[in-house]
Amino acid sequence: MPLFILNIFLAAVLMVLTGSGSISVFFLGFALGYVILWVTSPLYPETRYFKKLPKTIHLVLYFLKELLVSNLRVLWDVITPRHISRPGIIGVPLSARTDLEIFMVANLLSLTPGTLSVDLSEDRKILFVHVMFLEDAQAAKAGIKNGLEKRVLEVMQP
């Protein structure tokens, strides 16, 4: 059984034992299950679970932070009388190669207000992104490469 499924099972067992259907009890059980699995990790064959889960949590937290910041930036642009947006389209060279990696980068970018994945080059090496607040194209490209794409690749690649 994959360790992730086993971890969810341990969280569900804690929910049943406590008689609670609360999401906080589930997360507590998940955290306790992770610790139990980590302590017993010598019993399992080689696994990437203990490296991937923290990176996945880091990606989710990074995305939520970017989502909040970009929402506030777009909100400020909408409610103020003078608009500060300088829209533009940039071509971001991708390190992502598989369909799933490119899909994740493009869709997480599109979910963030102020950015929208527009197109992918035919050789699948450049992602064209519409940016609502484009002050510096190179900085925007570096922000996407060193931010979202880097974290997606940490989770997706072995």
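Worth pointing out:
- Whichever lysines have a C-alpha closer than 17 Å to that of K51, once near sequence neighbours (fewer than 8 apart) are set aside: K150
- Measuring nothing but how far apart in sequence close Cα pairs (under 8 Å, 6+ apart) lie, relative to its length, segment 1-72 scores a relative contact order of 27 percent.
- Cα gyration tensor, segment 14-158 - rounded (a/c under 1.5), prolate or oblate: oblate
- Using the 1.4 Å probe convention, the accessible area of the chain works out to 64 Å² per residue with neighbouring protein chains retained.
- Apportionment of accessible area to carbon and sulfur, the chain, percent (1.4 Å): 69
- Under the criterion of Cα pairs below 8 Å and six or more residues apart, the relative contact order for the chain equals 22 percent.
- 0 to 90° range, to nearest 10: angle between helix 23-39 axis and the chain longest Cα axis: 70
- Overall form of segment 1-62 per C-alpha gyration tensor (a/c, 1.5; a/b vs b/c): oblate
- Taking amide H as placed 1.01 Å from N in the peptide plane, the amide H of I126 sits under 5 Å from that of L94, S121, each at least 5 places away or on another chain.
- Whichever aspartates and glutamates have a C-alpha closer than 19 Å to that of K125, once near sequence neighbours (fewer than 8 apart) are set aside: D99, E101, E149, E154
- Cα-based shape type of segment 89-158, given that a ≥ b ≥ c are square roots of the gyration tensor eigenvalues and the cut on a/c is 1.5: prolate
The values are calculated or read from the model by the stated rules, or taken from the named source; none is laboratory data. Please read all numbers here as calculations on a predicted model, not as lab measurements. Only protein heavy atoms, including side chains, enter the accessible area calculation; ligands, DNA and RNA are left aside. Shrake-Rupley method; radii C 1.70, N 1.55, O 1.52, S 1.80 Å.
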